[in-house]
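Engineer: My questions all concern the structure below.
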Amino acid sequence: ARVVVLISGTGSLCAALLDATEDPAYPADVVAVGADRPAPGLEHARRRGVPTFVCALGDHPDRSAWDRALAAGIAAFEPDLVVSAGFMKIVGPAVLDAFEGRLINTHPALLPAFPGAHAVRDALAAGATVTGSTVHLVDAGVDTGPVLAQREVPVLPGDDEPRLHERIKAVERELLVETVARMAATEREDESSR
Ligand code: GRF
């Protein structure tokens with residue numbers, strides 16, 4: 001399956017997916033990595049000769065134009081699956097119209113607990129003793145789409161946000177690689193049954 005990954009930051013989850021796809025037996029290939037800014041994580045793609053693109057909100061007159069440009073940027077690579085991995089923007093109707101149902105996101109909490117951009121900090125502030133990682137289909141809401149996979153991560157005494165987030169990201173990487181493989185395999189079955 002052809003996968004486009006969207007990032008905004010360090011792209012460590014994207015790097016894990018790129019590593020997984022180097023195994024010829026893995027049923028997906030990352031055909032491009034996109035970002036909403038010149039994200040450092042794009043380097044993971046460039047180093048592997050994987051095309052990259054940047055679609056920055058500030059380069060467009062308004063959010064709707066940005067959303068349409070992002071949808072076009074993704075569509076140019078004809079993906080079977082789009083993976084938001086640390087992509088810190090809420091996609092709009094143009095992206096959803098084009099990709100809903102094959103657009104997934106990874107979130108560092110056990111949704112519906114702790115949605116939004118500060119999930120790890122919020123779990124710590126709430127005194128949670130267990131949190132985790134969620135991979136879900138993206139819908140028009142914020143972190144609200146159907147859950148595809150979840151895995152628990154313990155909160156340990158003395159955890160601060162960076163340490164807990166790293167522990168969660170280690171699980172996110174596993175869960176994302178597994179979920180993409182599962183969806184790609186399903187995609188392959190669908191193709192063969194067409
Ligand atoms: C991940 O925890 C992701 O769930 C969250 O931001 C982090 C991205 O990390 N939205 P990276 O950019 O993949 O290192």
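Engineer: Output the residues belonging to region 74-85 that are open to solvent by 30 Å² or more (accessible area, probe 1.4 Å), small (Gly, Ala, Ser) and assigned to a loop (DSSP other than H, G, I, E, B). Walk me through how you get there before you give the answer.
Structural biologist: We begin by selecting, within region 74-85, every residue open to solvent by 30 Å² or more (accessible area, probe 1.4 Å); these are 75-78, 80.
Then drop every residue that is not small (Gly, Ala, Ser), which leaves 75-76.
Selection gives Ala76 alone.
Engineer: For region 93-116, indicate whether the set of residues that are closer than 21 Å to Gly11 by Cα, exposed (fewer than 14 other Cβ atoms within 10 Å of the Cβ) and either within 14 Å of the ligand (Cβ to nearest atom) or over 18 Å from the mean Cα position of the chain (by Cα) (or both) is non-empty.
Structural biologist: yes
Engineer: Quick check, is Pro38 more than 12 Å from the ligand (Cβ to nearest atom), free of Cβ contacts under 8 Å to residues at least 24 places away in the same chain and either among the basic types (Lys, Arg) or not in a helix (DSSP H, G or I) (or both)?
Structural biologist: Details: more than 12 Å from the ligand (Cβ to nearest atom): yes; free of Cβ contacts under 8 Å to residues at least 24 places away in the same chain: yes; either among the basic types (Lys, Arg) or not in a helix (DSSP H, G or I) (or both): yes.
Spelling it out, Pro38 is indeed more than 12 Å from the ligand (Cβ to nearest atom), free of Cβ contacts under 8 Å to residues at least 24 places away in the same chain and either among the basic types (Lys, Arg) or not in a helix (DSSP H, G or I) (or both).
Engineer: Moving to a separate point now. Could you list, in sequence order, all residues of region 136-149 that are buried (at least 18 other Cβ atoms within 10 Å of the Cβ) and within 13 Å of the ligand (Cβ to nearest atom)?
Structural biologist: His136, Val138, Asp143
Engineer: Moving on. Considering (1) open to solvent by less than 50 Å² (accessible area, probe 1.4 Å); (2) among the aliphatic types (A, V, I, L, M); (3) farther than 29 Å from Asp97 by Cα, say which one Ala125 fails and leave the rest.
Structural biologist: The single condition Ala125 does not satisfy is (1).
Engineer: Hey, does region 33-56 have a residue that's of a type in the set (Phe, Trp, Tyr), under 16 Å from the mean Cα position of the chain (by Cα), modelled with pLDDT of 95 or more and open to solvent by 20 Å² or more (accessible area, probe 1.4 Å)?
Structural biologist: We begin by selecting, within region 33-56, every residue of a type in the set (Phe, Trp, Tyr); these are 53.
Subsequent filtering for residues that are under 16 Å from the mean Cα position of the chain (by Cα) retains 53.
Within this subset, residues satisfying the condition of being modelled with pLDDT of 95 or more are 53.
Cutting the leftovers down to open to solvent by 20 Å² or more (accessible area, probe 1.4 Å) gives us 53.
Checked region 33-56: at least one residue is of a type in the set (Phe, Trp, Tyr), under 16 Å from the mean Cα position of the chain (by Cα), modelled with pLDDT of 95 or more and open to solvent by 20 Å² or more (accessible area, probe 1.4 Å).
Engineer: Run down Glu166, Glu152, Glu161, Glu174 and say which single residue is within 30 Å of Pro51 (Cβ to Cβ), more than 10 Å from the ligand (Cβ to nearest atom), open to solvent by 10 Å² or more (accessible area, probe 1.4 Å) and at pLDDT 95 or above. Working first, answer last.
Structural biologist: On the way: Glu166 fails: more than 10 Å from the ligand (Cβ to nearest atom); Glu152 fails: within 30 Å of Pro51 (Cβ to Cβ); Glu161 fails: within 30 Å of Pro51 (Cβ to Cβ).
Matching residue, one of Glu166, Glu152, Glu161, Glu174: Glu174.
Engineer: Now, a different point. Counting only residues that are in a helix (DSSP H, G or I) and open to solvent by 10 Å² or more (accessible area, probe 1.4 Å), which one in region 1-19 is farthest from the ligand (Cβ to nearest atom)?
Structural biologist: So, considering only residues that are in a helix (DSSP H, G or I) and open to solvent by 10 Å² or more (accessible area, probe 1.4 Å), the one farthest from the ligand (Cβ to nearest atom) is Asp19.
Engineer: A further question on this structure: Could you say which residue among Ala15, Ala25, Ala71 is free of Cβ contacts under 8 Å to residues at least 24 places away in the same chain and of a type in the set (A, V, I, L, M)? Show your work before the answer.
Structural biologist: Numbers: Ala15 fails: free of Cβ contacts under 8 Å to residues at least 24 places away in the same chain; Ala71 fails: free of Cβ contacts under 8 Å to residues at least 24 places away in the same chain.
Criteria check complete, one pass: Ala25.
Engineer: Turning to a different aspect of this structure: For Ala65, state whether it is without any contact (Cβ under 8 Å) to a residue 24 or more places away in the chain and away from the ligand (no atom under 15 Å from the Cβ). Outline the logic, then answer.
Structural biologist: On the way: without any contact (Cβ under 8 Å) to a residue 24 or more places away in the chain: yes; away from the ligand (no atom under 15 Å from the Cβ): yes.
Here the answer is yes, as Ala65 does meet what is asked.
Engineer: Right, another one. I want to confirm something. Restricting to region 117-128 and keeping residues that are within 13 Å of the ligand (Cβ to nearest atom) and in a loop (DSSP other than H, G, I, E, B), which single residue is nearest to the chain's Cα centre (by Cα)?
Structural biologist: Selected residue: Ala117.
Engineer: Within region 20-35, track down each residue that is within 15 Å of the ligand (Cβ to nearest atom) and out of contact with any strand residue (DSSP E or B) (no Cβ under 6 Å at 6 or more places or on another chain).
Structural biologist: Restricting attention to region 20-35, the residues satisfying the condition of being within 15 Å of the ligand (Cβ to nearest atom) are 20, 30, 33-35.
Residue satisfying the conditions is Ala20 alone.
Engineer: If Thr131 satisfies all but one of (1) open to solvent by 10 Å² or more (accessible area, probe 1.4 Å); (2) over 18 Å from the mean Cα position of the chain (by Cα); (3) polar (S, T, N, Q), what's the number of the condition it fails?
Structural biologist: Only one criterion in (1) open to solvent by 10 Å² or more (accessible area, probe 1.4 Å); (2) over 18 Å from the mean Cα position of the chain (by Cα); (3) polar (S, T, N, Q) is unmet by Thr131, namely (1).
The values are calculated or read from the model by the stated rules, or taken from the named source; none is laboratory data. Nothing here was measured: the structure is a model prediction, and the numbers come from that model. In this analysis, Cβ positions are derived from the backbone assuming ideal geometry, glycine residues included, and neighbour counts consider all displayed protein chains. Surface accessibility is based on the protein's heavy atoms, side chains included, excluding ligands, DNA and RNA. Shrake-Rupley method; radii C 1.70, N 1.55, O 1.52, S 1.80 Å.
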